[in-house]
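Data first, discussion second: the structure below is written as structure tokens.
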Amino acid sequence: MAAVTLLALGNGAPDVFASLHAVRTGHYRTGFSAILSAGTFVSAFVVGFVAIYAAPFGVKPAPFIRDVLFYLTGALFLFYVYLSGEIFVWQAVGFVAFYIFFVGFVFWMDYGTEREEEKPILQKEMVSEDRHLLDKNFDVERGMKAEKKAFEIAGVYEMISKAWEVPITFLLKLTIPQTSPSEWNRFYLSANIALCPLALLYVCNSYMPFDHPIVFLLHNTHFPLWFVVLFSSVSLAVLHFILEKEPPKNEQIPVVIIAFVMSVFWISAIAGELLNCLAALGSLLKLPRALLGLTVLAWGNSVGDLVADIAVAKAGHPAMAMAGCFAGPMFNMLVGLGSALVMQTANVYPEAYKLDFHIGIIVAFVFLLLSLMGSLLVITWSRFRVPRFWGFCLVGLYIVFTLVSLIIAKFSG
């Protein structure tokens, strides 16, 4: 449940908000391209690398078939809607509802099998722990020299990373409350009280102007909205800094909620700026937005999945890495793109929101469906064991997809 809800939201937040910004600003083609290409990248390139590194390994039949079939069904539904050239509000709501149904289905399956698997898992963990201890004692001497070199390299890397992380971390601490009582800081919490309302006002700028005149304190005197909010929040922050001197004893739910909302704000803001940078890059290089969505945006948002899933596979859990390659992209497509389409179709309700045909998006659909159907057929045929040759096939499929997308962008624009 955590994997298909909170974990999917955390990993898919950049894709979700990039799609929202793209569709809301009228560049739905970029949103479609980014979501579809990111899905192809994960289901072909990432799955391929996991298979190349760790194959052969087995996957659980029921969860694997469930995840791939749901993702495949959602992609086919979206493909049908795109080919029709228009989308109604009920269809957009259907994407989000389909993912909610998937979450409920996962809960039903896991709840039914959890008790049956509890004892075998306990026994396997005991055996694997014994083997791990034997392997650890055997390799301890051989790993000492390698660890020294690794620590030296890690130290240099840590110094470089901290040099650019310090200002970013400072900015984030000013606007995102620390939820743990051990990390409580009176200055940062006061800064949160002063700056968070202003940041949220910036998000709502499209609904209410930032400089909307408001009568405040003085009769017949108008102050801009941002000044009124800043004055009120700074006053509360100063009062908090003077009166509050002890950290809370445990985590407070309101603080956790505010931290989550502000984290979403930063992801949303960065996604919007990323799209603006893509638009500028496309104008300078005279490249179409769809191509940038298929390449730069998709790679940037999905490289975390590549690193994380390969790390999980290296840690000895390739089946877990394989499972993570389907639920995340499905969340991005159904909830991310679906939410953006719900907003756009609601604006033109009861009319349909028009979708223009573009061959590049059709190609992205075709390659995404090929990777999903291919994995379903090959792994099922191999009795739910992932063969290494299929990893090479998937990586090759993604390379072909990238080349075809570049050729289409070159000749069709």
Hits in the stretch 311-351 (condition: aliphatic (A, V, I, L, M), over 22 Å from Phe98 (Cα atoms) and open to solvent by 10 Å² or more (accessible area, probe 1.4 Å)):
Ala311, Val312, Ala315, Ala319, Met320, Val348
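On the basis of being surrounded by fewer than 22 Cβ atoms within 10 Å (Cβ to Cβ), part of a helix (DSSP H, G or I) and in contact (Cβ under 8 Å) with a residue 24 or more places away in the chain, does Leu403 make the cut?
So Leu403 does not fit the description; no.
Provide a single number: the residues in the stretch 353-394 that are among the acidic types (Asp, Glu) and touching a Leu at 6+ places or on another chain (Cβ under 7 Å). Spell out the reasoning first.
Our first condition is that a residue be among the acidic types (Asp, Glu); within the stretch 353-394, this holds for 356.
When the remaining residues are screened for being touching a Leu at 6+ places or on another chain (Cβ under 7 Å), the result is none.
Total satisfying the criteria: 0.
Against the condition modelled with pLDDT under 70, open to solvent by less than 30 Å² (accessible area, probe 1.4 Å), out of contact with any strand residue (DSSP E or B) (no Cβ under 9 Å at 6 or more places or on another chain) and part of a helix (DSSP H, G or I), how does Ala259 come out, does it pass?
Working: modelled with pLDDT under 70: no; open to solvent by less than 30 Å² (accessible area, probe 1.4 Å): yes; out of contact with any strand residue (DSSP E or B) (no Cβ under 9 Å at 6 or more places or on another chain): yes; part of a helix (DSSP H, G or I): yes.
Taking the combined requirement at face value, the residue does not satisfy it.
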Within the stretch 364-379, does at least one residue satisfy the condition of being farther than 28 Å from Phe64 by Cα, in contact (Cβ under 8 Å) with a residue 60 or more places away in the chain and either among the aliphatic types (A, V, I, L, M) or buried (at least 21 other Cβ atoms within 10 Å of the Cβ) (or both)?
no
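Assess whether Leu239 counts as being farther than 30 Å from Asn347 by Cα, at pLDDT below 80, among the hydrophobic types (A, V, I, L, M, F, W, C) and surrounded by fewer than 13 Cβ atoms within 10 Å (Cβ to Cβ).
On the way: farther than 30 Å from Asn347 by Cα: yes; at pLDDT below 80: no; among the hydrophobic types (A, V, I, L, M, F, W, C): yes; surrounded by fewer than 13 Cβ atoms within 10 Å (Cβ to Cβ): yes.
So Leu239 fails the test.
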Would you confirm whether or not the stretch 200-212 contains a residue that is aliphatic (A, V, I, L, M) and either in contact with a Lys or Arg (Cβ under 7 Å, 6 or more places away or on another chain) or modelled with pLDDT of 75 or more (or both)?
yes
Considering the stretch 37-87 alone, what residues qualify as being more than 21 Å from the chain's Cα centre (by Cα) and within 14 Å of Ile361 (Cα to Cα)?
Leu76, Phe79, Tyr80, Val81, Tyr82, Leu83, Ser84, Gly85
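Can you tell me how many residues in the stretch 44-93 are of a type in the set (Gly, Ala, Ser) and buried (at least 21 other Cβ atoms within 10 Å of the Cβ)? Reasoning before the result, please.
Restricting attention to the stretch 44-93, the residues satisfying the condition of being of a type in the set (Gly, Ala, Ser) are 44, 48, 51, 54-55, 58, 62, 74-75, 84-85, 92.
Within this subset, residues satisfying the condition of being buried (at least 21 other Cβ atoms within 10 Å of the Cβ) are 44, 48, 51, 54, 74-75, 92.
Matching residues across the stretch 44-93 total 7.
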Suppose we filter Val4, Val106, Val96, Val16 for residues that are modelled with pLDDT of 75 or more, open to solvent by less than 20 Å² (accessible area, probe 1.4 Å) and either assigned to a helix (DSSP H, G or I) or among the hydroxyl-bearing types (Ser, Thr, Tyr) (or both); which single one remains?
Val106
Verdict on Lys354 being out of contact with any helix residue (DSSP H, G or I) (no Cβ under 6 Å at 6 or more places or on another chain), free of Cβ contacts under 8 Å to residues at least 24 places away in the same chain and open to solvent by 70 Å² or more (accessible area, probe 1.4 Å):
no
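The values are calculated or read from the model by the stated rules, or taken from the named source; none is laboratory data. Computed from a predicted model, the values in this text were never measured in an experiment. Neighbour counts run over all protein chains shown; Cβ positions are idealised from the backbone, glycine included. Protein only, heavy atoms only, side chains kept; ligands, DNA and RNA dropped before computing areas. Shrake-Rupley method; radii C 1.70, N 1.55, O 1.52, S 1.80 Å.
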